[in-house]
1. Out of all Cα-Cα pairs in the chain, roughly what percent, to the nearest whole number, are more than 22 Å apart?
2. Given charges of +1 on the Cβ of Lys and Arg and -1 on the Cβ of Asp and Glu, with all other atoms neutral, how large is the dipole of the chain about its Cα centre, in debye to the nearest 20?
3. For the chain, what is the relative contact order in percent, using Cα pairs closer than 8 Å and at least 6 residues apart in sequence?
4. Helix-derived [θ] at 222 nm for the chain: sum -39500 (n - 2.57) over DSSP H runs of at least 4, divide by residue count, nearest 500?
5. Would you mind computing, in nm to one decimal, how far apart the modelled labels at THR80 and PHE41 are, each placed 7 Å from Cα along Cα→Cβ?
6. For LYS35, give me every one of the lysines with a C-alpha distance below 17 angstrom, ignoring sequence neighbours fewer than eight places off in its own chain.
7. Using 1/(1 + (r/R0)^6) with R0 = 25 angstrom and r between the beta carbons of THR11 and TYR101, what's the FRET efficiency to the nearest 0.05?
8. Among CYS83, GLN48, LEU31, whose Cα sits farthest toward the positive end of the charge dipole of segment 2-101 (+1 at Cβ of Lys/Arg, -1 at Cβ of Asp/Glu, about the Cα centre)?
Amino acid sequence: MRMLMLVTFPTARFNHLWRSGQVGPKIREILEDLKPQAAYFGRQTGGQRGAVLVVDVASEADYVRFTEPWLLAFDAQIETSVCMTPEDIGRVDYDALTKKYG
């Protein structure tokens, strides 16, 4: 199952790590360990630095494996949601769902 992760870095902690040269190596290490399907970095709502990642969650334990590195290394805030590709959506039987619940 694909999961979309929105990672927001607290400014003070991120600035401290940036000035000490730890941000780049730590992000590279986390990305090498997690192997996300996609990772994008930029400003989040409110101007804070952040990342958007797409990861493949095979089990409940993977949720912890994907989120804890960001929490421990950066004191990050994380929002997650399941996400689907057009192919995933194509496998949903919307007619059956509509007949039963709609």
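Each value in this text was obtained by applying a stated rule to the coordinates, not by laboratory testing. Just so it is clear, the structure is predicted and the values come from calculations on it, not from any experiment. Every residue, glycine as well, gets a Cβ built from its backbone with ideal geometry; the counts of neighbours run over all protein chains shown.
1. In whole percent, the long-distance tail amounts to 39.
2. In total the dipole reaches around 420 debye.
3. Relative contact order, the chain: 42 percent.
4. Per the formula, -14000 deg cm²/dmol.
5. 2.2
6. Counting by Cα, and skipping residues close in sequence, LYS35 has these lysines nearby: LYS26.
7. 0.05
8. The one lying farthest along the dipole's positive direction is GLN48.
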